[in-house]
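Structure first, then comments.
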Amino acid sequence: MNTRVNGFDDMHSILRNERKVGGVIESDYLRLSSGEEFHNIVITKVEMIGTALCSLSCVTEEGNMLIVNAKDVSLIHQPQHKKICELCNKEFKQVKMQEKMKYLKRLCDLHEDNLNPIFVEEAMLLIQDIGLKNAKEEIDVSAIYPDEKVYTIA
């Protein structure tokens, strides 16, 4: 993660496969053709009709939702695929953290006695996305994400 996004196709693919790859797309700023700028914008949806870009849905630093026609976008500066715990947009970070934490808790409750590899893989992706420290505050992750072993020589 924390990689550059090279175009609308990349954005669309990341958002479409969010459950498999985790993270979100955040940009330093979005400038509209009218001259308005929005800083630390998180792109939540890229709507396409066939191969043609239609519109973008974004969340601003203030937590406002924008749906922008593709023709009105002048510049998306430095879009990056980031983990949720690395976001600069605090409003969206808080909402997305709660959403992912709720999903992780539910997932752990369902698979409490059965640690199959598919569950462990998905749980580890969620924990990495929200941050191990944040996950430990809410649930016991020792079975899924064991702490590093410390060896002592006596």
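The values are calculated or read from the model by the stated rules, or taken from the named source; none is laboratory data. Keep in mind the model is a prediction, meaning the values are calculated, not measured. All Cβ positions, even for glycine, are placed from backbone atoms using ideal geometry, and neighbour counts span all protein chains on display.
Quick notes on this one:
- Take the conditions (1) surrounded by 15 or more Cβ atoms within 10 Å (Cβ to Cβ); (2) under 16 Å from Asp129 (Cβ atoms); (3) not basic (Lys, Arg); His111 misses just one of them, which is (2).
- Some residue of region 17-32 being loosely packed, with under 15 Cβ neighbours inside 10 Å, hydroxyl-bearing (Ser, Thr, Tyr) and in a loop (DSSP other than H, G, I, E, B): no
- Matching option when the condition is under 29 Å from Glu138 (Cα atoms) and touching a Ser or Thr at 6+ places or on another chain (Cβ under 6 Å), among Lys45, Lys83: Lys45
- Members of region 1-16 that are buried (at least 16 other Cβ atoms within 10 Å of the Cβ) and over 29 Å from Ala123 (Cβ atoms): Phe8
- Residues satisfying the criterion are absent from region 51-73 (criterion: within 11 Å of the chain's Cα centre (by Cα) and either surrounded by fewer than 19 Cβ atoms within 10 Å (Cβ to Cβ) or at pLDDT 95 or above (or both)).
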